[in-house]
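Remarks on the structure that follows.
Coordinate-derived values only; no laboratory data. Worth saying up front: this structure is predicted, and the values here are computed from it rather than measured. Cβ sites come from the backbone with ideal geometry, for glycine too, and all protein chains shown count toward neighbours.
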Amino acid sequence: MIREALLADVAALVDLEARCFEIDRLSARSFRHFLTRGNDDLLVAERDGAIRGYILTLFHRNTSLARLYSVAVDPALRGRHVARDLMHAAEARALDRGTTRMRLEVHQGNTAAQKLYRGLGYREFGLLEDYYEDHATALRMEKQLAPYLAPDLNRVPWYRQTLEFTCGPACLMMAMKAHDPDLKIDRGMEIQLWREATTVFMTSGHGGCAPLGLALAAWRRGFDVEVSVSDETEMFTDSVRSEYKKNVIRLVEQRFLAELSTTGIRIDSGPPSATELADRLSRGGMPLILISSYRLNGDRIPHWVLLTAADADFVYINDPFVDEDEGRSETDCIGIPIQPRELDRMMRLGRRKHHASVIVYPRREEAAP
């Protein structure tokens with residue numbers, strides 16, 4: 001019998017974990033966390049009154065992506081299709097929640113698990129080096145749970161932001177490298193782009209990156225750019241109490257506008273829809289989008305993501321931030337499928353529904369290296 005796990009099962013789950021794994025074990029505290037947080041699904045296989053296996057699936061908030069986080073089966077029952085039955089049950093429940101893609105990581109040396117996953121339709125789409133406690137590489141695998149047009153999500157490179165305030169530069173580097181595969185992107189460039197594009201102050205601590213600043217940074221490197229933004233100064237000063245900081249933001253924007261006036265870049269004040277941004281993507285643009293991260297991970301801060309693909313049902317984003325506190329990995333942040341109407345909600349920030357996007361096109365002919 002496969003059923004939902006209960007808090008009363010924690011001791012049995014910890015015991016099963018100890019019998020199944022030598023490294024990377026989940027603790028009692030972790031199991032309790034997953035059972036009470038509400039954005040995952042923990043199922044157990046019960047036989048003869050005892051728990052013989054479990055499967056844990058994590059769901060990505062307001063998206064159509066899920067991740068198979070862990071599966072374990074009593075060694076005495078291996079070969080009796082318990083893992084396969086758990087996988088089928090987890091996939092069915094994920095579909096019921098509107099999930100269209102299931103992803104997972106598997107130890108490069110675990111050939112038995114790899115065989116199971118491939119037999120169930122999972123396909124490898126990448127590697128994660130030094131992922132496990134023994135420093136082994138993980139294979140990233142993915143399965144489409146519902147039939148629909150699946151774009152090539154590996155066409156656009158993914159870069160993980162290394163600082164909490166550099167999501168904008170990380171997205172800009174992904175966009176530029178998508179147009180120029182030979183471009184070297186690294187932490188030095190990430191910080192340099194932040195220095196060029198920051199507003200200096202946003203909420204607290206280090207400033208985030210303004211759309212006009214990111215547009216200028218791309219333009220200086222020879223790329224064509226489009227910008228759509230509501231009142232930028234008002235957008236960022238709304239979250240700052242200090243009048244001194246507000247004046248600094250205004251001064252920075254004035255410098256951005258002065259330089260932009262010499263480039264010919266048009267600033268559009270109208271908010272684009274997810275469908276319109278997907279159209280820009282089809283015409284060769286790479287849209288950087290400022291979203292409210294509350295709808296993505298529960299944090300009430302502006303956050304830059306990159307639109308990388310679109311099909312009849314979804315748009316797909318690369319998120320440079322890996323929320324490890326929520327059990328996320330790089331696998332959760334690449335090609336996240338989102339329904340266009342949900343992305344439209346994410347792109348409206350705060351009570352005044354501010355918006356910002358920067359679309360990076362291939363290099364201008366006169367600027368080609």
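At-a-glance table
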| read-out | value |
| --- | --- |
| Calculated [θ] (222 nm, deg cm²/dmol) that DSSP helices of n ≥ 4 give over the chain, each run adding -39,500 (n - 2.57) | -10000 deg cm²/dmol |
| Length gained when the stretch Asn62-Ser269 is fully extended (0.36 nm per residue, less Cα-Cα span) | 71.8 nm |
| Order of Val156, Val14 - criterion: other Cβ atoms within 10 Å of each residue's Cβ, fewest first | Val14, Val156 |
| Sequence of Leu95, Leu307 once ranked by neighbouring C-beta atoms within 10 Å, starting from the fewest | Leu95, Leu307 |
| Amide H partners (placed H, <5 Å) of Ile265, local residues excluded | none |
| Under 24 Å from Lys353, Cα to Cα: lysines that are on another chain or at least 8 residues apart | Lys245, Lys246 |
| Fluctuation leader among Tyr132, Tyr69, Tyr316 - the chain, Gaussian network, Cα springs under 10 angstrom | Tyr132 |
| Rg to Rh, two decimals, where region 2-144 supplies the alpha carbon set and Rh follows Kirkwood | 0.93 |
| Global size of the chain as Cα Rg and Dmax, reported in angstrom | 22.5, 76 |
| Taking the C-alpha atoms of region 167-367, convex hull volume expressed per residue in Å³ | 121 |
